[in-house]
Structure formats: C-alpha cells, structure tokens
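**Q** The structure follows.
The values are calculated or read from the model by the stated rules, or taken from the named source; none is laboratory data. Fair warning: this is a prediction, and the values are worked out from it, not measured in the lab. Reconstructed Cβ throughout: ideal geometry from the backbone, glycine too, with neighbour counts over all protein chains shown. Ligands, DNA and RNA are stripped out before the accessible areas are found, and what is left, the full protein with its side chains, is counted by its heavy atoms. Shrake-Rupley method; radii C 1.70, N 1.55, O 1.52, S 1.80 Å.
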Amino acid sequence: ITRCPRARRGGPHRDRKKSGHNERMAMAAAESDPFRGADGRADAKVELMRRRNAERVARLLNARERTIGIDKTALQAQVEERRELAREDAAEAAAYAEYEARLLDVVASREARDEARAKDEFDQLKAEWGADAEARSKRDAEAKTTYA
C-alpha cells in the first residue's frame, strides 16, 4: 500500500497498475534521444563502449601487462628525457670544473706573485738591516776603542 500523490488527504490507496508504463516511457525517451536514429549511431556507440570496456577488462585482468606496462613510447620518452638531463648535467659539471680550474690558476698566480713580492721585500729589509747592523757594529767598535 502506497499513498496516491493525487489524493487530497494522502490517504492509503492501492497503487495503480503500471503495466507497460515503463516500456512506454523508455520508447518515448528512445524516440526523443538524438543519438538513436535510423542510421544506427546509438548501436555503434554502445558497441564501441562494449569493445572499449572489454579491452579495458582484458588489460586489467592480465597481471603481467598491468605490472610491467606496455606504453613503450612514454617509457622511451622518459628514458630520452633522463639521458638529455644527464648530458646537460655532465656539460654543466664540465663547465664548472673548467671555471674552477681557471679560478685556481688565477689564485695560484696571485699567490706566487704575492709570495715573490714578500720575498723581495724581506730580502730588501734583510739587506737594510744587515747594512744597518754592520754600521752599528762599526760604530760600537769605534766607540769601544776610543773610550777604552
């Protein structure tokens, strides 16, 4: 027992028999469906969906293909992309190594130049100190001999 939607008070009534009602509604929907026509577009569409689903089920049920994969073009593209990245990284590393070697050469030449300059200054100071020490020792010697 259901309530009849047309009843004013919503009292219990027996549901009317729907013999053929669903079929008539389906036929009316089929006639108004733009995909169903005399050219069989709907049948082709359904057949295409069935075929796609059957292929999909076959792929999903095949454990080897599901785990290994069969998209060789995508895998090959990934491999090529990784190789290209590795080549770019190697080229960048080589360029950086060359830059670093030039920097080390410049630093080494500047250090050698600074070391040579420091040695020259040291030799000049040593010569000056040596000459000054000789002069001082002569003066000290003269001073000792004159006052003794």
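**Q** So, in nm, how far is label ARG102 from label ASP89 when the simple model puts each one 7 Å beyond its Cα toward the Cβ?
**A** Between ARG102 and ASP89, the label points sit 2.5 nm apart.
**Q** Next up: Ignoring ligands, DNA and RNA, how do LYS126, LYS72 rank by accessible area with a 1.4 Å probe, largest first?
**A** So, going from the largest accessible area down, we get LYS72, LYS126.
**Q** Using a 1.4 angstrom probe and counting only protein chains, how large is the accessible area of SER109 in Å², to 10?
**A** For SER109, solvent-accessible area is about 70 Å².
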